Amino acid sequence: MNPNLVTALTGYLPYLVPEMLLGAAACVLFLGGTWRANRHLWGGVALVSLAMAALALSLNPLPHYQSASIADASRYASPVMLDRLALLLRAVSLAGGVLLVLLCWDSMPENRAAEYHACLLLMVAGMGLCAAANELVTLFLALELTSIPTYLVLYLGKSAAPDGGLDAAGQEAAMKYFLLSIFSSALTLFGFSYLYGMAGTTNLPGLADAFRRASDLTAASEPTLPSPLMGMGMVALVMVVAGLGFRLTAVPFHFYAPDVYQGTTTANAAVLAFVPKVAGFAALVRVLGFVLPNLSHEVFTATLSRPILREQLPILLWIIAAVTMTLGNLLGLLQDNLRRLLAYSSVAHAGYMLIGLAAAPRLLDAFDAPVDGVDAVFFYLVTYGAMTLGAFGVLQYLSSSGQKAETVDDLAGLSRTRPGLALVMVLFLFSLIGIPFTAGFMGKFLLFAGALDVPPSQEATFWPPDQRTLFVGLALLAALNAAIGGWYYLRIAAVMYLRDPSPLAVAADGKRSWPTLAAVCLCGALTLGIGVNPDPLKRAVQSAVPRLTDMVSVSAVER
Amino acid sequence: MSGLFLLLLALPLGTAVASALLGSGRAVAVRWLSLASSLASLLLATILSVQFAAARLDQTPTDAKSPSTFPDEWIKFSTRANLLPLHTTANGTVDSAIQFYVGIDGLNVWLILLTALLMVSSVLVSWTAITERVNEFHAWLFVLQLGMTGVFASFDIVLFYAFFELTLVPLFFLIGIWGGPQRQYAARKFFIYTLTGSLVTLLGIVALALTLPQIESQRDPTRTPLLTFAIPELIAKVDALNNKLPKDVQELEQAPPDFEPQLLKERRERLDSWRRVQMWVFLAMMCGFAVKVPMVPVHTWLPLAHVEAPTAGSVLLAGVLLKLGTYGFLRLCVPLAPDASLRIGAPLLGGLAVVGILYGAFCALAQDDVKKLVAYSSVSHLGYCMLGLFALNEVGMTGSLMQMINHGLSTGALFLLVGMLYERYHTRKMADYGGMGSRLHLLAVFMVFITMSSVGLPGLNGFLGEWLVISGMYDFTGTQVRGTLLAGLGAVGVVLGAWYMLTMVRQIFFGPLKEPHHEGHGVIGDLNGRELATLLPLAVLCLALGVYPKPFFKAVSPEIRVLAGIADAARRRAAAEHSPVPPRDIRQAATATEKK
């Protein structure tokens, strides 16, 4: 066997120590939970294992290959791609894991704390693997590693019923999520099978390479495209986008979100708002070939994949993005339940993020684009994580300290009873609206800049008339949507600041959940910090995403 | 220089944080802190503007030979630092970035001073009027000052936008918490109206900055144009493209008939697409600024917000925040989209401005609530600012800028006076009052004086502003007829303005004494020292600007001249397009038929 191949097949293992650590810690927690029921103990263990995973990641961040041939062999043989994007997203999921562990600290019954935290750790490992997946099977397994613990978490969290079991709404939520998630996994798998059928490999760079070589062949033999392949490619594309769209809560796969968020606990809703989104966007970006070093550009320009990825994909994502943000925001206007409102908000934000992905293939033609589409998506993903987890954290803190935080009206007069908390909540809400000097503004700015930078189409496409007009339209729609969204976020702010507190709220001042408060403060610091100084995050994201446009020059030099 | 200037931004921020941290218990400390801070800001702003104006007064006027280059002061009185690098060169230097680029020039120097001045008045007028959550009130007030000063001072287009939207947040709370009975609705309506408009403005701003390098590189593929968000650089780029692209086309049109038809077509298309870009950018920017001004169809948030806002909020809203809209037009729309400003802006916004003047005046006539009357008078007065601005000549734009300051002084003072009256009698209905002149002498004196300034009595500031605006409309080159019509209708508005203002003064202060029911409101006295200190500076400035406006004009004239030069160039281009010389392909067709 080729020694390079051996290195490639085994050499990645030391770099997956963080995920292994998390898995081992999860096992310890699952077993330990039977021995002792103490939320502080198990929460502490979870935090320590996350810290150790972070340490392992920082000690061994990026692989150094001895030679170019080994690097090449690992690219085509290794199940994981240990590039900068993987590093960034693994770091983000570890950070998100810390926030989630803190946020969920007091959300579950004491005797379920160990299992709950174990599930969180597995999800974090799953997100990390998703971000690093270099192969369809690994990717699928990683996606399942994030979703299966989620099913458990949905059952573990609720303790409103006297026996600690689930109430009807909680059961409905858990069941609904379970069934639809399985269904979406099946869709994704179906799409993957088509990809495998077309290329004969599950390796992502291999897939891209197969497309390129097939294009070279077809270009040499006949000028027209073989239509069956095109058809198969379209089926694969639609199925993958549909399957992953469930995780992103993209319309029309969003139906579960409001019901599930409302039915389950606030902490669980926070988990659902963050984990599947990170995993889904990472998977989508990997599968669609946005981040293949040295190959992405060729995938997007090869004769065979070009019509699918360059022309159909932006349109498909354009439509999904437009519908997702509009529907999310319009339905958000009608909500009174806070979790349901935030569910629609998370739908709307998925729509904003999809703008970046939709614009990315078209930005290939752009002159010196300041953003790449894909990097804007990940920038937004981080800011979204900070502000949404923060908002859920505030609600979780309130409910764990005995104040009801179910409907918008429950927050009335929060600025009088808890001024600090109200101020932080307002920060999150304004960030969600996209007010300057908060993280949300920079995120939106970069997404808009991507969409507005799409150059006019050079080639005539069968529909629509002009790409530029189309994407300026999308940016305009997003701007109007941000204003619509402003109305319901502002409603919460208005209730907190402009109304008098109800006597119940004043009376309810039970115990304080310090870990949740810590999570809220961390989120607040992130939201404000990124808003005031977005440069570090922008740099991190930019260096993580291999720019499609830069690759033009690279490939030109190579030839 | 720049250190002082940065302090002008840092001081409000620090005060806001400090007064928030002081806690709700220490109201007196918060008030004194706020007063000290606002006085310090005023001092700083005065030093800066005096320095600036002194430098300008020494200058001998030079002819604006190259209209697109702004005077050197833009560099001398400004400071810049990279905020978010967007593109770095191979050797690591940042060559395009969103910058923290702030400074003083002729367009903003007086507006910054006005902001600082009205802040002092706002703090003083809230001394006894605000008794609940005092620390929060002052914290938001100073965040508002930070936002307003920031907008005026920004030379970076994204920074401008950031401060522009930042002003929404504090005002939302100021109206929503300390406002009148309908405050929640008013606050949300204000917020959503302005947010919607300004988000579209953001798109326009970003689209312009991103499109410029694209078009430049199409025109000259050998150069690698830089992405920039700095307003002076953007203006220079826009001006260069506006000059070069039509010349490119003309060059080929006048060449021999069979000379590169493909290239000609390409260049024409480029010119057309550049014009389209300008038009859309103008319309997008207009959305946000027109809401803020407010222009007539989108003005409905204003009377509501004014009536519900606490006095300090009204003063700052009318005095400063509305100017953000007109200032945006002046700073961004006119120089960045001059052709579109001429083609769409002048007829559309000029027309809407006159509609606003008349409509606002009639609405004011119909009001019974004094505060609402002053609010509608703002709609009317801001119409003059817009009318002068879209005269697009030196006189008109100077008048517009002056009218912004005038309106800030006089309407700010009017809201203060109305607030003082309300604090005494807790009613704003004009029918409840009568002959108050014999009861509150000083208040009446100030009211009459400010009314005179507002209606444009010669010798006071309002007269100069209105006169300049209307005379600007007369030499409205190119569209003579409409200019005259608009100026005439604007002059009718002056008369209407005198009518409703004097009616209000007569109703409240003259005639037989009719005091509203005021038991339980304490002893009603005339203006006290604090109130005098609030009003006196504004009144003195109204008089000073009226009798000695030279420093004002001197300080603003270089920039205004540049803007006028840009607008003139646009006019020449528009005229050249209707020139009788037929383009080449028409001549070609003519020669072809001759041959047959």
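The values are calculated or read from the model by the stated rules, or taken from the named source; none is laboratory data. This one's a predicted model, so the numbers in the text were calculated from it and none came from an experiment. With ideal geometry, Cβ positions are generated from the backbone for all residues, glycine too; neighbour counts draw on all protein chains shown. These area figures cover heavy atoms from the full protein model, side chains too; ligands, DNA and RNA do not enter into them. Shrake-Rupley method; radii C 1.70, N 1.55, O 1.52, S 1.80 Å.
Relative to the dominant Cα principal axis of chain A, helix A:338-359 is inclined by about 20°. The residues of region B:154-175 occluded by other protein chains by 50 Å² or more of accessible area, set against the chain on its own, are B:F172, B:F173; surface from heavy atoms, 1.4 Å probe. Compared with the dominant principal axis of the Cα atoms in chain A, helix A:535-544 is inclined by about 40°.
For the cross-link pairs B:K244/B:K265; B:K323/B:K371; A:K538/B:K292; A:K444/B:K323, which exceed 22 Å when the distance is taken from alpha carbon to alpha carbon?
Values: B:K244/B:K265 16 Å; B:K323/B:K371 19 Å; A:K538/B:K292 32 Å; A:K444/B:K323 27 Å.
Among B:K244/B:K265; B:K323/B:K371; A:K538/B:K292; A:K444/B:K323, the Cα-Cα distance tops 22 Å for A:K538/B:K292; A:K444/B:K323.
Taking the C-alpha atoms only, the angle from helix A:374-400 to the longest principal axis of chain A is near 20 degrees.
Among the helices of chain B (complete DSSP H runs), which have Cα atoms covering no less than 18 Å along the helix axis and a Kyte-Doolittle mean of at least 0.5? If you can, show how the numbers build up before the last one.
On the way: long enough: B:2-22 (29 Å, 2.08); B:27-58 (46 Å, 1.35); B:109-129 (31 Å, 2.10); B:134-153 (28 Å, 1.09); B:183-219 (53 Å, 0.55); B:231-253 (33 Å, -0.29); B:261-292 (47 Å, -0.23); B:346-366 (29 Å, 1.99); B:370-389 (29 Å, 0.86); B:394-425 (46 Å, 0.58); B:441-455 (21 Å, 2.03); B:461-474 (21 Å, 0.70); B:480-509 (43 Å, 1.16); B:529-547 (27 Å, 1.67); B:550-577 (39 Å, 0.02).
Qualifying helices: B:2-22, B:27-58, B:109-129, B:134-153, B:183-219, B:346-366, B:370-389, B:394-425, B:441-455, B:461-474, B:480-509, B:529-547.
Of the listed residues A:K444, A:K511, A:K176, the order by accessible area with a 1.4 Å probe, largest first, is A:K511, A:K176, A:K444.
Most tightly packed first, judged by the mean number of other beta-carbon atoms within 10 Å of their residues, the peptides B:544-550, A:96-102 read A:96-102, B:544-550.
Of the listed residues B:D58, A:D167, the order by accessible area with a 1.4 Å probe, largest first, is B:D58, A:D167.
Sorting check: for A:123-133, B:350-360, A:55-65, which peptide has the highest mean count of neighbouring beta carbons within 10 Å, and how do the rest follow? Don't skip to the end; give the middle numbers.
On the way: A:123-133: 28.8, B:350-360: 23.5, A:55-65: 13.7.
Those peptides, ordered most packed to least, come out A:123-133, B:350-360, A:55-65.
Counts of other chain beta carbons within 10 angstrom of each beta carbon in peptide B:191-201 average 5. What a 1.4 Å probe finds exposed on region A:80-150 is 69% carbon and sulfur by accessible area, rounded to a whole percent.
With all protein chains present, how much of the accessible area of region B:255-344 (probe radius 1.4 Å) comes from carbon and sulfur, to the nearest whole percent? Can you show the working numbers first?
Details: 1640 of 2520 Å².
Its accessible area is 65 percent carbon and sulfur atoms.
Peptide A:427-440 has a mean shielding of 3, counted as Cβ atoms of other protein chains within 10 Å of each residue's Cβ.
Accessible area per residue of the protein assembly as shown at 1.4 Å probe, in Å²? Don't skip to the answer; put the middle values down first.
Values: 39940 Å² over 1155 residues.
Normalised by residue count, the accessible surface of the protein assembly as shown is 35 Å².
Other protein chain C-beta atoms within 10 Å of residue C-beta, averaged over B:222-235: 1. Solvent-accessible surface, computed for protein heavy atoms with a probe of 1.4 Å, shrinks by 20 Å² or more for the following residues of region A:482-496 when the other protein chains are added to the isolated chain: A:A483, A:W487, A:L490, A:R491, A:A494.
Sorted largest first by accessible area at a 1.4 angstrom probe radius, with every protein chain in place, the residues A:K404, B:K429 fall in the order A:K404, B:K429. Accessible surface of A:F253, taken over heavy atoms with a 1.4 Å probe and every protein chain present, rounds to 60 Å². Ignoring ligands, DNA and RNA, what percent of the accessible area of region A:305-559 is carbon or sulfur (1.4 Å)? Whole-percent figure for carbon plus sulfur exposure: 66.
With a 1.4 Å probe, what is the total accessible area buried between chains B and A, in Å² rounded to the nearest 100? Let's see the in-between values first.
Numbers: alone 23120 and 20690 Å², together 39940 Å².
Buried: approximately 3900 Å² between A and B.
Only protein heavy atoms count here; under a 1.4 Å probe, A:W42 has an accessible surface of about 10 Å². Note on B:K514: accessible area is roughly 100 Å² with a 1.4 Å probe, heavy atoms of protein only.
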